[in-house]
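The block underneath contains the structure these notes are about, expressed in structure tokens.
The values are calculated or read from the model by the stated rules, or taken from the named source; none is laboratory data. Quick caveat: nothing in here was measured; it's all calculated off a predicted structure. Don't worry about glycine lacking a Cβ; one is built from the backbone with ideal geometry, like all the others, and counts go over all protein chains shown. Surface areas here come from the heavy atoms of the whole protein model, side chains and all, with no ligands, DNA or RNA. Shrake-Rupley method; radii C 1.70, N 1.55, O 1.52, S 1.80 Å.
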Amino acid sequence: LNDKMFESSCVQCGECMVSCPTSAITFKPAGEVRNKTGPASELVPLSEMRQHKLFTGVPAKFLLWQKGLVVRRRLKANDYLCHHGEPGHSAFIIRDGELQVKLPGLAPIRNTAKDVIVGEMACLSGSPRTADIYASADSEIWEVRRNVLDRMMRSPSQHGVFEKLYRKRSLAAALRNTELFLDLPPEERDGSIEFLGPRLDFVRINPGQTI
């Protein structure tokens, strides 16, 4: 709109590049994203990302622009992905194998590929990790950064998947933190949470609305 770039409302989100029908607008990176890679990790190529269902609806140009923000990690049993209290800069897509999420004072929660992703709540909020996450078997994990996760969640084809996961895990967290079960033995507390989870739901309430 004839404004100077850095005096305009542009936040450099890259959506104009993604939406440009002629590819006249392209992204010129000022630097390269550097991830901790090693013998057990590598960058996931664009061709492979586009074959994964979670990336359905995410423009290829966006994924190309975000090159370096999706890393494959191959874990052996008992290898740790993250520890309680660490910054939550990324989430972990479970491609194969099994992860254990160990919350303080609770039994580990088993997660496999059918659970899709773990660590997404800390990633989205930027808050510290609330659990240790480690492999209980040989596993392949895709680690994604926040801006890629956000774009995946905004995809109409995947919004329902993430909404369902968020509701399920937020309810479980709310039940774990309630004072109702504090005096129960751990196995009874876990059983109560498992029983109540499918029977509860979040309801959106507007200010002034009668419940």
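Heavy atoms only, probe 1.4 Å: what % of the accessible area of the stretch 75-211 goes to carbon and sulfur, would you let me know? Heavy-atom surface of the stretch 75-211 belonging to carbon and sulfur, 1.4 Å probe: 54 percent. The Stokes-Einstein estimate for the stretch 97-145, based on a Kirkwood radius over Cα pairs and taken at 37 °C with 0.692 mPa s viscosity, is a diffusion coefficient of 285 µm²/s.
Charge dipole (Cα centre; +1 on Lys/Arg Cβ, -1 on Asp/Glu Cβ; no other charges) of the chain amounts to roughly 620 debye.
Largest to smallest in accessible area, the residues 159, 83, 89 fall in the order 89, 159, 83 (1.4 Å probe, all protein chains included).
Ordering 25, 193 by accessible area with a probe of 1.4 Å, largest first, what comes out?
From most accessible down to least: 25, 193.
Per residue, the convex hull spanned by the Cα atoms of the stretch 60-113 measures out at 106 cubic angstrom. Which of the residue pairs 4/53; 102/164; 53/102; 67/168; 102/168 have a Cα-Cα distance greater than 29 Å in the structure shown? Over 29 Å apart, Cα to Cα: 4/53; 67/168. Heavy-atom accessible area, probed at 1.4 angstrom with all protein chains present, ranks 142, 65 as 65, 142, highest first.
Report the charge-dipole magnitude of the stretch 108-151 in Debye, nearest 20, computed about the Cα centre from +1 at each Lys and Arg Cβ and -1 at each Asp and Glu Cβ. Show your work: numbers first, answer last.
Working: 6 positive and 7 negative charges, 34 e Å.
That gives a dipole near 160 debye.
Backbone geometry of the stretch 80-94 corresponds, through the Karplus equation with coefficients 6.51, -1.76 and 1.60 at θ = phi - 60°, to 3J(HN,Hα) couplings of 8, 8, 7, 10, 3, x, 6, x, x, 8, 8, 10, 10, 7, 8 Hz, x marking Gly and Pro. Annotation: per residue accessible area for the chain equals 65 Å², rounded to a whole number [probe 1.4 Å, protein chains only]. When all alpha carbon pairs of the stretch 156-211 are counted in 5 Å bins from zero, the resulting P(r) reads 4, 16, 21, 18, 17, 13, 8, 3, 0 %.
Which whole-number value in Å³ per residue fits the convex hull of the alpha carbons of the stretch 81-211? Intermediate values should be presented prior to the final figure.
On the way: hull volume 18.2 nm³, N = 131.
It is 139 Å³ per residue.
Subtracting the Cα-Cα distance of residue 161 and residue 24 from their residue separation scaled by 0.36 nm leaves 46.0 nm.
With N set to the number of residues, divide the alpha-carbon radius of gyration of the stretch 122-171 by 2.2 N^0.38 Å and report two decimals.
Values: Rg = 12.7 Å, N = 50, 2.2 N^0.38 = 9.7 Å.
With N residues counted in the stretch 122-171, Rg over 2.2 N^0.38 Å equals 1.30.
Taking Cα atoms, how many degrees apart are the long axis of helix 186-196 and the longest axis of the chain, rounded to 10 and kept between 0 and 90? It is inclined by approximately 60 degrees.
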